[in-house]
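Reviewing the structure listed below.
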Amino acid sequence: MKKTRIGMVGVGAISGIYLQNITNLFQELEVEAVCDLVREKAERAQSEYGVPKLYDTMYELFEDPEIDIVLNLTRPYEHYEVTRAALEAGKHVYSEKPLAATWEEGKELVRLAAEKGLLLGGAPDTFMGAGIQTCRKLIDDGMIGEPVGAAAFMICRGHESWHPDPEFYYKHGGGPMMDMGPYYVTALINLLGGVSGVTGVTKTSFQQRIITSEPKCGTVVEVDVPTYITGILNFDSGAVGTLFTTFDAYYNEQARFEVYGSKGTLYVPDPNCFGGPVRLLRPEDGETKEMPLLFDYKDNSRALGLADMAQALQTGRPFRTSCQQTLHVLEVMTAFQRSSDRRTEVAIESRYERGAAMKNNPIHGILD
């Protein structure tokens, strides 16, 4: 199978693992070109990874006929404009999370992709890793009986103490739900199916943040987004979930991610990662047991979803990180704020059907 050629727009912090994995892990992919507003970043990537082309603007990159998929690694509030421009130029697009900064923007991108007959997919792809896929198999095989509920918590004090440029986390398109929520919501719907309604409460606990990391130590950031978001998810299956994300609390370990069933409880690993541990508690066992990982990709395999999309582009079969999923995730995440504003449950408009589970085979667990 020929290589699928990637045009990368945005060469920020996340780009390194994409470049590394595309170069060393996913041999059917090839980075054809890079582009960044800060040219020096693109030049470093080109030099380190042997990228053939460097473009000054994304529009020049979109015009390159040798690029098959545009990889959008820009900041969250820029995702909509970059993806829209790429689609309008006739390019397939894979975007980092979230799909867009608003539900309305996400719907427009999905509409445009469908109108032009283009593939639109995106992160996260951690749910395709060994951890979440093992959890999915255990649930599907009835190891906890009928799922009745779930609880997922992402608790930290924000990114200003370690990230080199953390301001965007507190601006439009940022916040703990839009930043970390995609991992948790994506994992939840892959385990339990689509969401029918959301009830949420949100607040901004601190109006300003002071950056303590270099090179912007001492910079004061005005906070424009909610940083404490909690609520209830009603799943199509009848299960009920609790989801809590915050940048306002000190916490030194991963918080809970659990799925409760009629016959036991499954302790799900950090959905920001690809691996385990996966633990199972059932009354007949008498204790919580760590379960073996049943699938490939336990290490950081970012770009796995992109490789899945590339296979779909060449074979015509569905892919797991499609916009059907990323749009549903976006609607669910943004519904917390709508529910909080209205002080009532918000119905979820988009419908979601789980994609195929992974399989252990040489082509990244992809179906033939």
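The values are calculated or read from the model by the stated rules, or taken from the named source; none is laboratory data. Just so it is clear, the structure is predicted and the values come from calculations on it, not from any experiment. So basically every Cβ, Gly included, is an ideal-geometry build from the backbone, and we count neighbours across all protein chains shown. We work out accessible area using only protein heavy atoms, side chains counted, and drop any ligands, DNA or RNA first. Shrake-Rupley method; radii C 1.70, N 1.55, O 1.52, S 1.80 Å.
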inquiry  = Need one number: nm distance between label points at residue 20 and residue 161, each 7 Å from Cα along Cα→Cβ, rounded to one decimal.
reply    = 2.4 nm
note = Applying the span-like rule to the chain (DSSP H, Cα extent along axis at least 24 Å, Kyte-Doolittle mean at least -1.0) gives 323-342
query = After finding the eigenvalues of the alpha carbon gyration tensor for the chain, what semi-axes result from the square roots of 5 times each, listed largest first in whole Å?
reply = 31, 26, 20
remark   = Over the chain, with neighbouring protein chains present, the accessible area per residue in Å² at probe 1.4 Å is 42 Å²
task = Please give the direction-averaged projected area of the C-alpha convex hull for segment 64-177, in square nanometres with one decimal.
result = 10.3 nm²
Extension gain (nm, one decimal) between residue 214 and residue 201, 0.36 nm per residue minus Cα-Cα = 1.3 nm
remark   = A correct Stokes-Einstein calculation for segment 277-368, using the alpha-carbon Kirkwood radius, 10 °C and 1.306 mPa s, returns a whole-number D in µm² s⁻¹ of 96 µm²/s
task = Only helical DSSP H runs with n ≥ 4 go in: add -39500 (n - 2.57) per run for the chain, normalise by residue count and round the 222 nm mean residue ellipticity to 500 deg cm²/dmol.
result = -9500 deg cm²/dmol
query = Roughly to the nearest percent, how much of the accessible area of the chain is carbon and sulfur, given a 1.4 Å probe?
reply = 50 percent
task = Go from 0 up to the bin containing the longest alpha carbon distance in segment 39-78, width 5 Å each, and give me the % of pairs per bin.
result = 6, 18, 26, 31, 16, 3
request  = Between residue 317 and residue 115, with labels modelled 7 Å along Cα→Cβ, what's the label distance in nm to one decimal, could you check?
outcome  = 3.2 nm
task = Report the full-extension gain for the segment residue 151 to residue 294: residue separation times 0.36 nm, less the Cα-Cα distance, to one decimal in nm.
result = 49.2 nm
note = One point scatterer per Cα, no solvent, Debye formula: log10 I(q)/I(0) for segment 1-148 at q = 0.16, 0.18 Å⁻¹ comes out as -0.87, -1.03
task = For segment 5-38 and segment 115-132, compute the distance between their C-alpha centroids and round to whole Å.
result = 16 Å
inquiry  = Starting from a Cα-only point model with no solvent, please compute log10 I(q)/I(0) by Debye for segment 224-309 at q = 0.11, 0.12, 0.13, 0.17 1/Å.
reply    = -0.46, -0.55, -0.65, -1.03
message = Can you compute the modelled spin-label distance between residue 281 and residue 13, with each label point 7 Å from Cα toward Cβ, in nm?
response = 3.3 nm
remark   = For the residue 254, residue 48 Cβ pair and Förster radius 25 Å, calculated FRET efficiency rounded to 0.05 is 0.20
Whole-number D in µm²/s for segment 91-236 (Stokes-Einstein; Kirkwood sum over Cα pairs; 20 °C, 1.002 mPa s) = 122 µm²/s
query = Quick one: of the DSSP bridges fully inside the chain, what percent are antiparallel, nearest 5?
reply = 55 percent
key: Förster-model FRET efficiency, 25 Å R0, residue 345 and residue 262, C-beta, rounded to 0.05   = 0.50
ask   = So what is log10(I(q)/I(0)) for segment 187-253 at q = 0.18, 0.20, 0.29 1/Å, when the Debye sum runs over its Cα atoms only?
value = -0.79, -0.87, -1.19
task = Evaluate 2.2 N^0.38 Å with N set to the residue count of segment 105-169, then give the Cα radius of gyration divided by it.
result = 1.71
